[in-house]
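The values are calculated or read from the model by the stated rules, or taken from the named source; none is laboratory data. Note that the structure is predicted; figures quoted are calculated from it, not measured. Note that each Cβ is placed from the backbone with ideal geometry, even for glycine, and that neighbours are counted across all protein chains shown. Heavy atoms of the whole protein, side chains included, go into the accessibility calculation; ligands, DNA and RNA do not. Shrake-Rupley method; radii C 1.70, N 1.55, O 1.52, S 1.80 Å.
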Amino acid sequence: MAIARQVITSLMPDGTDILGTKVLAVKIADENIVSGSLLTVESNHFCVLKSRGAVLNVYETGQYALTTPDKPLLGSIAQGFFGGNSPWVYEVIYINRSKLLIRSEGVATSEEMAEMAYQVDYYIHVDTKEAALDLITHLPFNGHLIDTKEVSDYAGPAIEQAINQIVQVTKMEDINEHIGEVRELVKNHLTEFLKTYGITLNDLKILIMPKDERMRELISLQAIGLSPMESVRYYLALRMAEKGLVSAPNAAAGEPFNIGQATGFYPVGAEAGLQPRQGEK
């Protein structure tokens, strides 16, 4: 963000937006912000002006000449009286009202206590000026920023609790049959949780799978119609084939592997070019 010639904007000198796609809110406190400063708010932002912890105003899209408690003194005169610094410290907070994508990941346990990894992708946005105030009131700043990672950290326990309500009482092989039920439960929990922070949930997608890669492959083999024992054999055969072992087809068929097979008995003696040892006939 730049403050030049008393113009406050969220755009960098090269035209890029400091909020981007990962930052929900950014805060700046600057002693040069006085009455008469021009505040520019982009079409996808809200802006909150604070002084000493009190909210002075909330702005939507447009450009505004600030009116602050130092109005009896012109901004330049005020700075002159106080050694170049304004006696009032103001905070300008820009809030991103665009839809932002957040990902939350974790581990739940099935009825058999098997570890299931889940991935939840969801879109959020701040819809109104009142919601913007709720955001900066209830969600603390991590330095000068509130980013999507911080929102994910706060929402993570709520998502985990909702997923475990169903996953913990469902067999691992039946979890995907209940994925719609899991999605609705997580959506309801997450909507209520984020509402406290002035955040609106737009859409949500859930993916749940066994955490162990080998278990995922075995379940995939069963999905094409193989029995549990056949799945184990085919999994073993695939791993053996990757190592170049010629016995891989035998493992898949469940048959022993023999290097050769005897077809009869043959004498070993002079006719084979071998001389008997001394003392043998």
So what are the range 79-223's ellipsoid semi-axes, whole angstrom, largest first, if each one is the square root of 5 times an eigenvalue of the alpha-carbon gyration tensor? 42, 15, 12
For the range 120-131, take each phi angle, set θ = phi - 60°, evaluate the Karplus expression 6.51 cos²θ - 1.76 cosθ + 1.60, and give the result in whole Hz per residue in order, putting x for glycine and proline. 10, 10, 8, 9, 10, 7, 9, 8, 9, 5, 5, 5
Checked against a 22 Å limit on the C-alpha separation, the offending pairs among LYS149/LYS187; LYS99/LYS211; LYS129/LYS205; LYS27/LYS129 are LYS99/LYS211; LYS129/LYS205
Using square roots of five times the C-alpha gyration tensor eigenvalues, list the equivalent-ellipsoid semi-axes of the range 102-158 in whole Å, biggest first. 30, 12, 10
Scan around LEU56 for amide H atoms under 5 Å from its own, H built in the peptide plane at 1.01 Å from N, and keep only partners 5 or more places away or cross-chain. LEU49, LYS50, SER51
Accessible area, probe 1.4 Å, largest first, for residues ILE219, ILE136: ILE219, ILE136
Can you compute the equivalent ellipsoid semi-axes for the range 116-188, i.e. the square root of 5 times each eigenvalue of the Cα gyration tensor, sorted largest first and rounded to whole Å? 31, 13, 9
Excluding ILE224 itself, what net charge comes from residues whose Cβ is under 15 Å from its Cβ, given Lys and Arg +1 and Asp and Glu -1? -1
Rg ratio (alpha-carbon, reference 2.2 N^0.38 Å) - the range 176-241: 1.71
Taking the alpha-carbon centre of each part, the distance from the range 40-60 to the range 189-265 in Å is 54
